[in-house]
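Report on the following structure.
The values are calculated or read from the model by the stated rules, or taken from the named source; none is laboratory data. Everything numeric in this text was worked out from a predicted model, so none of it was measured. Please note: Cβ atoms are built from the backbone with ideal geometry, for glycine as well, and neighbour counts cover all protein chains shown. For the accessible areas, the whole protein counts, side chains as well, though only heavy atoms, and no ligand, DNA or RNA atoms are used. Shrake-Rupley method; radii C 1.70, N 1.55, O 1.52, S 1.80 Å.
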Number of protein chains: 2
Amino acid sequence: MTRSSIGDVHPQHMVFDEPILLQCGETLLSYQLTFETYGSLNEKKTNAVLVCHALNASHHVAGTYNGDEKTRGWWDNLVGPGRPLDTNHFFVIGVNNLGGCHGSTGPSSVNPATTEPWGSTFPMVTVEDWVETQARLATKLGIEIFAAVIGGSLGGMQALQWTIDQPTRIKNAVIVASAPKLSAQNIAFNEVARQAITLDPEFYGGDFYQQKSLPRSGLKIARMIGHITYLSDDAMDVKFGRSLREDVLRFNFDTEFQIESYLRYQGDKFAETFDANTYLRITKALDYFDPAAKHSDKLPATLSHAQANYLVISFTSDWRFSPKRSREIVDALVANKLNVSYGEIDSPHGHDAFLMDEPVYHDLIGAYFDRVWKECKDE
Amino acid sequence: MTRSSIGDVHPQHMVFDEPILLQCGETLLSYQLTFETYGSLNEKKTNAVLVCHALNASHHVAGTYNGDEKTRGWWDNLVGPGRPLDTNHFFVIGVNNLGGCHGSTGPSSVNPATTEPWGSTFPMVTVEDWVETQARLATKLGIEIFAAVIGGSLGGMQALQWTIDQPTRIKNAVIVASAPKLSAQNIAFNEVARQAITLDPEFYGGDFYQQKSLPRSGLKIARMIGHITYLSDDAMDVKFGRSLREDVLRFNFDTEFQIESYLRYQGDKFAETFDANTYLRITKALDYFDPAAKHSDKLPATLSHAQANYLVISFTSDWRFSPKRSREIVDALVANKLNVSYGEIDSPHGHDAFLMDEPVYHDLIGAYFDRVWKECKDE
């Protein structure tokens, strides 16, 4: 079978005029979601798969815009014709989450009530809010039940939350490199990133749009910190080690080591393309995610009404969300006698492994979706 | 035996008018070192021990100033009468390193040539430079040979460098929670901290003294990042977990979780007391440290002229400088048939364990120094 990219794709937009009461207590009267779809919805509408994005990504999961290779979607190696999540079989949907900065209503959008950008006044959004908005989008698209919801990292948290909040509307959840809640260290890294942004004088308390400024320095620092946590110590040593940009030490504060140059470049690029207020809110959504909190910290009780089948995957060198965190999810699912497959992939690439084309990992997902596809056909 | 603090102590200052050619190629015509001593130098001058400090510390190793408990030295639990490094036996010296901000000549000192603070023009200093200046101080104090040089983290690197550069002047090296060089991840964390400082508009390229400003935000972020790497994930979870400051989520950007509050407090406190230019230079000294680089990356060859006896100690939960990094040092020492003891201490406290009163750790150091003391007496 030929594996290939889906080719050129186009974002779509859907406006929702039904108010939504967010978990934080605020209500949005209307909002827009930007999304993309790949493949075709079958007649029985049983082959829809939702892909949830993590901190830095968007609805643009696969394919390119106008043939430009640089615009390739963030999970293009996984989603496409003949790929593990095969668009010849499935109708795949990627959604930019509410509060995002890639087309869906977020802090950089104009608040109709003031005709100014929301900025600091945009409400806090949570994983539960995202599941609710994704479910509303599905309904509008005529999809009653998802064959699967899949995501990595924060995306995996959304897949898990789907099985808690919408147990009758999801048949399979694929949870990759995720965790049932953040640790204190996870929160700590997020908090440093937030402080870097909010202490940047160009942030103006979140209302920098009106000032025609950008908190570039803060976003750059935030991204650099994030990047370190996505890579394993070993992967960094293999990729950069102590290599210098020039042959000799310069004894100054320019970029002397390759790793410095790489991080600064990643940070600068990110600062130009990502919204600071969105970054703040997504890190808070990560911090808040803790479905077991309502059940006296008992994850099995939290999942007692779940009905989905699960594929849970972790990576050995991931120290942001280590395999131990995935096993907590697996244990809670097993305690509920739910159908769960668990793969602990031997990879040196740290948390970032979930975005990479690791054969065993992709084969595992491919085999799982083959089974999902058979179930769709047999219905 | 009673273990107690050394009590009130007083810093001393020594001015050096012999120029020093630094590793970076620049020459300082004169400089001052600030230091403290505890205990008494014996008649044969065989009982001197040098304590080297790490990133955030100073010459103030033990005791208090004017009876104020808040001024207790950073390694007071280790150094004092009856303590593992017993000041009833040893003459202990703590030195603020060149480039520091606690009395020794550094970026915040006045450059006699301009009568302005050095600021951005202060040269880069390295571990080798520190060893040279410490050796000169020892000479002025009449100490030809140190019974021991001891340090944790960056302090341990200085102890190691002493045995390479001054093999005839050091009898024992105690290297705690250290590494033979930084990994790419270690450099990456340092680089993020440096970017946070240098991108702070209050930094003014390093010449903020004249502007009567302080890059508080940058220093705060730098310290917060550092702090995360000093603690283990588990220690953070035990100490803070996901505990909230108030009972309910507030859905805002104030400090909601205890860990956020702790980090911000630590960062704010540090920003008021530490010099940004010193922080930049010490992190660079860490990055540059790589004694094996001159020997084709072969650490055993680097240590071929060393004569000291060694005690190397690591902590199981230290992910900044893991036990693996200490074992690299041990292996290189063993390859040279040097006398080395190695202790891998089971501790949940991460890198910070080296500053803590862990009984097994302190007993190990105490037993080692008992032997060193017997050797001093027998001479």
| task | Mind checking the per residue accessible area of region A:282-379 for me, 1.4 Å probe, whole number of Å²? | result | 45 Å²
| query | By a straight-distance test (C-alpha under 24 Å), which lysines pair with residue B:45 as possible cross-link partners, with residues fewer than eight away in the same chain excluded? | reply | B:140, B:171, B:374, B:377
| Computed magnitude of the charge dipole of region B:225-379 (debye, nearest 20; Cβ of K, R +1, Cβ of D, E -1) | 580 debye
| field | Vicinal HN-Hα couplings computed from phi for region B:315-327 (Karplus, 6.51 cos²θ - 1.76 cosθ + 1.60; Hz; Gly/Pro x) | value | 10, 4, 9, 7, 9, 6, 10, 5, x, 4, 5, 5, 5
| note | Computed for A with B: buried accessible area summed over both chains, 1.4 Å probe, rounded to 100 Å², at 4500 Å²
| field | Anisotropy class of region A:116-228 from Cα gyration tensor, a/c 1.5 cut | value | oblate
| note | Dipole check, chain B, charges on Cβ (K,R +1; D,E -1), about Cα centroid: among B:278, B:359, B:157 the Cα furthest to the positive pole belongs to B:157
| In peptide B:288-296, what is the residue-averaged number of other protein chain Cβ atoms found within 10 Å of each Cβ? | 1
| remark: For region A:38-190, percent of DSSP beta bridges that are antiparallel (nearest 5) comes out at 20 percent
| query | Between residue B:72 and residue B:377, what FRET efficiency follows from the Cβ-Cβ distance if R0 is 35 Å, with the result rounded to 0.05? | reply | 0.70
| query | Measuring label to label, 7 Å along Cα→Cβ, what does residue A:168 give against each other copy in nm, shortest first? | reply | 8.9
| message | Rounded, prolate or oblate for region B:186-279? Axes are the square roots of the Cα gyration tensor eigenvalues, ordered a ≥ b ≥ c, and the cut-off for rounded is a/c under 1.5. | response | prolate
| said: Loop only by DSSP, 14 or fewer other Cβ within 10 Å of the Cβ. Give me the trypsin sites (Lys or Arg not before Pro) in region B:280-379 that pass, ordered by residue number. | reply: B:298, B:337
| Rounded, prolate or oblate: which one fits region B:1-122, using the alpha carbon gyration tensor with axes a ≥ b ≥ c (rounded when a/c is under 1.5, else prolate when a/b beats b/c, else oblate)? | prolate
| request: May I ask you to give the percent of accessible area on the protein assembly as shown that is carbon plus sulfur, with a probe radius of 1.4 Å? | output: 50 percent
| query | Going through region A:229-263, which GluC sites (Glu not before Pro) have at most 10 other Cβ atoms within 10 Å and a DSSP loop state? | reply | A:246
| Based on the Cβ-Cβ distance from residue A:265 to residue A:295, what FRET efficiency comes out when R0 is 56 Å, to the nearest 0.05? | 0.80
| task | Quick one: plug the Kirkwood hydrodynamic radius of region A:271-363 (C-alpha pairs) into Stokes-Einstein at 10 °C, 1.306 mPa s, and report D in µm²/s. | result | 104 µm²/s
| note | From the Cα centre of region B:222-249 to that of region B:332-357, the distance in Å is 26 Å
| Considering only the label points, 7 Å along Cα→Cβ from Cα, what distances in nm to one decimal separate residue A:327 from the same position in each other copy, shortest first? | 2.0
| residue A:15 to residue B:211: FRET efficiency via 1/(1 + (r/R0)^6), r the Cβ-Cβ distance, R0 45 Å, to the nearest 0.05? | 0.35
| note | Zone reached by a paramagnetic label modelled 7 Å from residue B:40 Cα along Cα→Cβ, restricted to region B:74-93 with backbone N below 14 Å, covers B:87-92
| task | For region B:166-204, state which residues have at least 40 Å² less accessible area in the presence of all protein chains than in their chain by itself, taking the probe as 1.4 Å and leaving out ligands, DNA and RNA. | result | B:184, B:185, B:187, B:188, B:189, B:191, B:192, B:195, B:199
| field | Packing-based order for A:84-92, A:343-351, using average beta carbon neighbours within 10 Å, highest first | value | A:84-92, A:343-351
| query | If each of residue A:370 and residue B:273 carries a label point 7 Å out from its Cα toward its Cβ, how far apart are those two points in nm? | reply | 6.3 nm
| query | So how much slack lies between residue A:339 and residue A:324, counting 0.36 nm per residue of separation and subtracting their Cα-Cα distance, in nm? | reply | 3.5 nm
